[in-house]
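Data first, discussion second: the structure below is written as structure tokens.
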Amino acid sequence: MRPNPSTAVAGMLLALAALAAPALAQNKPADTGKKLYCWDNARGERTCSDTLPPEAVNSARQEFNARSGLRGAEVQRALTAEERADAELAQAQAQVDAAAAETRKRTEQAMLSTYGSEDALRRVFNERAAIVDNNIKTAIYNVGSLREALATQLSVAGDRELAGQKVADKQAGDIRQRHTELLAQLRLQAAFEQQRKALDVEIAETLARYRELKGIAAPADAAGAPASPPG
């Protein structure tokens, strides 16, 4: 008895579908499911929830897959204004130190063979000076902006108190936050200005050593000699 062609074709289709099923399952994106968040609240108590309240957004937390219970991520807490300023200062200092290390690679012999004049040697320091000067300008601008904003907030809060009204907690918190940011920027400005002074000393010492190696007399103004009287 000969097999029915339609039955044979149907069997082949079923076999192909069975073979393709695993591949389709692999290509299907995994269902990550809902997340479960766990963090320590302001009282130090452990809190877990499938929603993250606004007051916990900046807190350190762990995130879990609510279906499988597997931990998916660990988020560090947001940095405070002082910590951000410290990180910014560390990054700026690293940038200046890297430029300084590059400059120190140029030995005294390189000074003698490469730089034919003091102006050519001064250009070696231009990049470092530009970095520090730009940091100082940015810090000064930030300090001015924060000071102005803080003065405005304090004025508004003072007017409310004079009118016999209570200063809202959020407004008082904003004032404290702005004051903290201002102090952090003032620290940055002072640190950058100190870097500039140190760089000026290094430039002066390098130029003095260059003149010594070249047998060049220092300019009268650089040596601190009094200027000749007019006439």
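The values are calculated or read from the model by the stated rules, or taken from the named source; none is laboratory data. Just so you know, these numbers come straight off a predicted model, no measurement behind them. Just the protein is used for accessible areas: all its heavy atoms, side chains included, with ligands, DNA and RNA removed. Shrake-Rupley method; radii C 1.70, N 1.55, O 1.52, S 1.80 Å.
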Part-to-part distance (alpha-carbon centres) for segment 37-67 and segment 89-167, which is given in Å:
38
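For segment 69-218, what does the alpha-carbon gyration tensor say about shape, rounded, prolate or oblate, given a ≥ b ≥ c as the root eigenvalues, a/c under 1.5 as rounded, and a/b over b/c as prolate? Could the numbers behind the result be given before it?
Working: a/c = 5.46, a/b = 2.14, b/c = 2.55.
It comes out oblate by the Cα gyration axes.
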At 0.36 nm per residue, minus the direct Cα-Cα distance, what do Glu193 and Thr80 gain on full extension? Give it in nm, one decimal, please.
38.4 nm
Accessible area per residue, Å², segment 73-168 with all protein chains present, probe 1.4 Å:
65
